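Undergrad: Below are the structure tokens for one structure; questions will follow.
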Number of protein chains: 2
Amino acid sequence: MRTLINRPRHTDHTMHKPEHLKNAGLKTTLPRLKVLQLFEDGTERHLSAEEVYKLLSDAGELVSLATVYRVLTQFQQAGLLVQHHFDSGRSVFELNSGKHHDHIVCQQCGHVEEFYDATIEKRQEKIAAEHGFVIDEHALYIYASCTKQPCPNKK
Amino acid sequence: MRTLINRPRHTDHTMHKPEHLKNAGLKTTLPRLKVLQLFEDGTERHLSAEEVYKLLSDAGELVSLATVYRVLTQFQQAGLLVQHHFDSGRSVFELNSGKHHDHIVCQQCGHVEEFYDATIEKRQEKIAAEHGFVIDEHALYIYASCTKQPCPNKK
DNA sequence: TTCGCAAATGAGAATAACTATCATTCGCAA
DNA sequence: TTGCGAATGATAGTTATTCTCATTTGCGAA
């Protein structure tokens, strides 16, 4: 169980930098700080709006679902978060590390692994160019099954 | 405007093979034949449920939306169609050619181009293996902008 | 060829994941 | 501290899709 409110409190000089909000032209509000903190906490890298809402609620940090959606979208537009569309039909967000990467999603347990492959990136550019396109963005999702691990998040 | 009903009629020995349905263990029904014909017609390779419904309606071939959804899902499970999830949040289907390929989607006009790259495919297998996964399937979507064409489907 | 019945369909209600509306509240600059 | 525009919460609305159930249909058996 996640204990957001019982964890040692940080003040302004901490790691969940409110200045990120300022820089993005967003007012420093409580809901925004809570959502940002959840991602920067790092326990779960990939979260859907519903999951953010639930995690905050479980921690006693009530933020309305509408606000969660709004804040996630704003963070994504501000470049703080990156949005992904896994096959499931719902969006998931993750902190923007500044480094593009792709994803392997385990179909059994939902576990997400990240990877970056320069060869694939290069080929994509080449292919797009050959077809007369300029890449805006791209997403490579590998849907797979864990082999070595016992699926960690199996539910 | 698509004129499904005014196009030369084919009878049982035609190209929109009802035996595909039989082989898939699906009863040969009118709605199923109509949907299958629409895809085998080949005018548009990638269609959403809503688009299938609309194209059939416009051609005077009424099939309820619920049935369209059901039939598309059945066809996909039977291996007649392949389903894709472009970023838009709606599923599109295409005839299963038997050959895996990936997609470039123009963000301006919605035009979809297909490609296959052996190098990328190999790298994916390698990467999955390195991470201890066995690939079930994968999807590479490149979202881009047409450069050479005037966007053909621009609306 | 007709019968019977399980399977398929149509119409519309229900659901999931968002998005919009609007009255109230809050951050922050003066 | 005050004032105002931005942000929030509650909730209604949308979009894409699935479910329910009464009616119809394909097709093997008679």
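The values are calculated or read from the model by the stated rules, or taken from the named source; none is laboratory data. Everything quoted here is computed from the prediction, not taken from an experiment. Cβ sites come from the backbone with ideal geometry, for glycine too, and all protein chains shown count toward neighbours. Only protein heavy atoms, including side chains, enter the accessible area calculation; ligands, DNA and RNA are left aside. Shrake-Rupley method; radii C 1.70, N 1.55, O 1.52, S 1.80 Å.
Undergrad: Given 0.36 nm per residue, what is the gain on full extension from A:R45 to A:L62 after removing their alpha carbon distance, in nm?
TA: 4.1 nm
Undergrad: Another question about this same structure. With solvent modelled as a 1.4 Å probe, how much accessible area in total do chains B and A shield from it at their shared surface, in Å² to the nearest 100?
TA: 3200 Å²
Undergrad: Mind listing the label-point distances from A:G25 to the same position on all other copies, shortest first, one decimal in nm, points 7 Å along Cα→Cβ?
TA: 5.6
Undergrad: A 25 angstrom limit on the alpha carbon distance is what I want to check against. Which of A:K22/A:K99; A:K54/A:K99; A:K99/B:K122; A:K54/B:K126; B:K54/B:K99; A:K22/A:K122 exceed it?
TA: Listed pairs above 25 Å: A:K54/A:K99; A:K54/B:K126; B:K54/B:K99; A:K22/A:K122.
Undergrad: Given a Förster distance of 22 Å, report the FRET efficiency between A:T147 and B:A78 from their Cβ-Cβ distance, rounded to the nearest 0.05.
TA: The calculated FRET efficiency here is 0.20.
Undergrad: Pop out the carbon and sulfur fraction of the accessible area of the stretch B:13-155 as a percent, whole number, probe 1.4 Å.
TA: Details: 3850 of 7410 Å².
Accessible surface attributable to carbon and sulfur in the stretch B:13-155 totals 52 percent.
Undergrad: For B:Y143, A:Y69, what's the largest-to-smallest order of accessible area, 1.4 Å probe?
TA: So the residues, ranked largest to smallest area, are A:Y69, B:Y143.
Undergrad: Inter-copy label distances at A:H101, 7 Å along the Cα→beta-carbon direction, one decimal in nm, shortest first?
TA: List, nearest first: 3.2 nm.
Undergrad: Which of the GluC sites (Glu not before Pro) found in the stretch B:19-126 are loop residues per DSSP with 16 or fewer other Cβ atoms within 10 Å of their Cβ?
TA: B:E44
Undergrad: Residues of the stretch A:127-144 losing 40 Å² or more of accessible area relative to the isolated chain, 1.4 Å probe, heavy atoms only?
TA: For the stretch A:127-144, once contacts with the other chains are taken into account, A:I127, A:H131, A:G132, A:F133, A:V134, A:D136, A:E137, A:A139, A:L140, A:Y141, A:I142, A:Y143 lose 40 Å² or more.
Undergrad: What net charge do the residues around B:H85 carry, taking every other residue with its C-beta under 12 Å from that of B:H85, with Lys and Arg at +1 and Asp and Glu at -1?
TA: Spelling it out: positives minus negatives among the neighbours equals -1.
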